[in-house]
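The values are calculated or read from the model by the stated rules, or taken from the named source; none is laboratory data. What you are looking at is a predicted structure, and each value in this text was computed from that prediction instead of being measured. Note that we place each Cβ from the backbone using ideal geometry, even for glycine, and neighbour counts take in every protein chain shown. Quick note on the areas: whole protein, heavy atoms, side chains included, nothing else; ligands and nucleic acids left out. Shrake-Rupley method; radii C 1.70, N 1.55, O 1.52, S 1.80 Å.
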Amino acid sequence: MPTMIQAVRGMNDILPPETRHWQYAESIFRHILQGHGYQEIRLPILEKTELFNRSIGEVTDIVEKEMYSFVDRNEENLTLRPEGTASCVRAGIEHGLLYNQIQRLWYTGPFFRHERPQKGRYRQFHQCSAEVFGLLGPDIDAELISMSALLLEKLGVRPYVTLQINSLGTLQSRKIYRDALVRYLKAHEKDLDQDSLKRLNKNPLRILDSKNPELKKIIGGAPKLLDHLDEDSLKHFEKLQEYLTDAGVSFEINPNLVRGLDYYTKTVFEWVTDKLGAQGTICAGGRYDGLVAQLGGKPNYALGFSFGMERTILLMQQAGITCEEAAMPHAYLVTDGEESFAEGLKLGNYLRGKLDDLRLILHCGGGSLKNQFKKADKSGAQFAIIIGEHERKNHSVSIKALREELPQQTLFQDELAEYLRLKISKK
Ligand code: ATP
Ligand code: MG
């Protein structure tokens, strides 16, 4: 026997019925984002490697060790996208969407990072993201964050997450802070781990984000970025806090929140939960005013967020949010042989033409009526529609309720459509 081929490690098949959770979550994202005036943008999954090297930063986890990069048949260096912001900015510049314009965009899809697979961390994962261009803030920062709060509310997980915010200041003020931080960390050099030593000169801010518990004390005593903010960033941050408080979006200030990518400026935020173990960040975002220019566009303000869909859905499942009912069939059509099946096929098309929302399963594969009724019951359908010899002769159909005590009825096709319309609309 040939050996079985399995999926690539860390790349998951998403199977039914779990796909219902995905569809449900995705429909909420689409609805809320579009309700706030965000337009969908669809971006390629492959990009030139240089795009990510230049935007995410050379000394970051992603670029150092997580990218799926390869040389294609034309000797081009390509990478499976590890995140979406760089592609979105690239597309925006390439198609002239950003120049002197305000844009509110969203997208969803798979992303790829070569990480150690574990709960909430995979090699192919999905994000749903929003990006805004052309607005200085902090009004839009507040609107974006409050939209993320509404999303969490509608997904049913708001009680399980906390909002953390911080400000990274401008690139200039961060340079000043960086010097103070390096001075402090150099004084504690002997207590740093390998990773941090490597980052000390190249990207010391990333040390603040270290997951090593032994560094907690040193990090706790480090100078705070918030004490080094320039006046403009400080005002921006204070106004944002005012807006959020006014809007009833509670938050914590986390002075060590620096985010994993280099391009952030001013506002950064994360929604975190303690319900998913180590992979607690459900949504992360912030402002990245420098990125458009860094990728060759005319300087433009920008900010955005990304929800990790796997973590969001794990949390929904943990919160007991079920999406079962929505996908159950309304009706299951059983027939007693080839001739009846041919009638059934026509009836199915007729009903679908009349009732846009009808979920009807047409029994295929033959078998006794008894057996077909068993399948109808198992499918979760509310009704069985029956075409047998008797019905065929009378040009009618029978309908039998499977979940409530109702007499079986014989109806004409158009009566059946009307009957189902009433039943479906009640749901
Ligand atoms: P982490 O610190 O958990 O590695 P990150 O800072 O690398 O996260 P971002 O680049 O900010 O993550 O991505 C935004 C969101 O996408 C994360 O908050 C998370 O919910 C999700 N995410 C990131 N990497 C993965 C992954 N490998 N598997 C599943 N979800 C992920
Ligand atoms: Mg990561």
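Across the cross-link table entries 239/298; 190/217; 239/266; 48/119, which are compared at the Cα atoms, the separations over 21 Å belong to 239/298; 48/119. Think of each Lys and Arg Cβ as +1 and each Asp and Glu Cβ as -1; about the Cα centre, that makes the dipole of the range 308-427 roughly 220 debye.
With a ≥ b ≥ c the root eigenvalues of the C-alpha gyration tensor of the range 166-279, is it rounded (a/c under 1.5), prolate (a/b larger than b/c) or oblate? Note, shape of the range 166-279 comes out oblate.
Shown are 328, 1, 309, 67, whose ranking by accessible area with a 1.4 Å probe and every protein chain present, most to least, is 1, 328, 67, 309.
Couplings 3J(HN,Hα) for the range 244-258, derived from phi with the Karplus relation 6.51 cos²θ - 1.76 cosθ + 1.60 (θ = phi - 60°), are 5, 4, 4, 7, x, 9, 7, 8, 10, 8, 10, x, 9, 6, 10 Hz, where x marks Gly and Pro.
The range 33-56 to the range 248-316: how many Å between their Cα centroids? Result: 15 Å between the Cα centres. With q set to 0.16 Å⁻¹, the log10 of I(q)/I(0) for the range 231-313, from the Debye formula over equal scatterers at the Cα positions, is -0.75. The mean sequence separation of alpha-carbon pairs under 8 Å and at least six residues apart, normalised by the residue count of the chain, gives a relative contact order of 15 percent. Each residue of the range 144-151 was assigned a 3J(HN,Hα) from its phi angle through the Karplus expression (A = 6.51, B = -1.76, C = 1.60, θ = phi - 60°), giving 4, 5, 6, 5, 5, 5, 5, 4 Hz with x at Gly and Pro. By the gyration tensor of its Cα atoms, with a ≥ b ≥ c the square roots of the eigenvalues, what is the shape of the range 331-427: rounded for a/c under 1.5, prolate for a/b over b/c, or oblate? It comes out rounded by the Cα gyration axes. Think of the range 135-262 as having a plus end and a minus end, set by charges on the Cβ of Lys, Arg, Asp and Glu; of 222, 145, 233, 222 sits farthest toward the positive end of this dipole. Here the calculated FRET efficiency for residue 362 and residue 40, from their Cβ-Cβ distance with R0 = 45 Å, stands at 0.85, rounded to the nearest 0.05.
Amide H contacts of residue 126 (H built 1.01 Å from N, in plane; Pro and chain starts excluded): 111, 309, 310 sit under 5 Å, all sequence-distant by 5 or more or on other chains.
Ranked by the mean number of other Cβ atoms within 10 Å per residue, highest first, peptides 362-370, 293-301 order as 293-301, 362-370.
Computed from backbone phi, the HN-Hα couplings of the range 61-75 come to 3, 4, 6, 5, 9, 10, 7, 8, 10, 7, 9, 8, 5, 9, 6 Hz, rounded to whole numbers (Karplus: 6.51 cos²θ - 1.76 cosθ + 1.60, θ = phi - 60°; Gly and Pro given as x). Ranking of 405, 75 by solvent-accessible surface, largest first: 405, 75 (1.4 Å probe, protein heavy atoms only, all chains present). Computed across the range 109-202, the Kirkwood hydrodynamic radius from all distinct Cα-Cα pairs reaches 17.6 Å. Overall, the chain carries a charge dipole of about 640 debye about its Cα centre when +1 sits on the Cβ of Lys and Arg and -1 on the Cβ of Asp and Glu, all other atoms neutral.
A Cα-only calculation for the chain places Rg and Dmax at 27.6, 94 Å.
Looking at the square roots a ≥ b ≥ c of the eigenvalues of the Cα gyration tensor of the range 1-122, which shape do they give, rounded for a/c under 1.5, prolate if a/b is larger than b/c, or oblate? It comes out oblate by the Cα gyration axes. These residues, 262, 13, go from largest to smallest accessible area, 1.4 Å probe, as 13, 262. Taking 0.890 mPa s as the viscosity and 25 °C as the temperature, the Stokes-Einstein diffusion coefficient of the range 17-83 based on its alpha-carbon Kirkwood radius rounds to 169 µm²/s. For residue 423, the lysines whose Cα falls under 19 Å of its own Cα, not counting residues fewer than eight places away in the same chain, are 354, 400.
Once the dipole of the chain is set up with Lys and Arg at +1 and Asp and Glu at -1 on Cβ about the Cα centre, which of 135, 114, 177 lies farthest towards its positive end? After comparing all options, I get 114. Remark: spin-label model distance residue 154-residue 226 equals 3.1 nm, labels positioned 7 Å along the Cα→Cβ axis.
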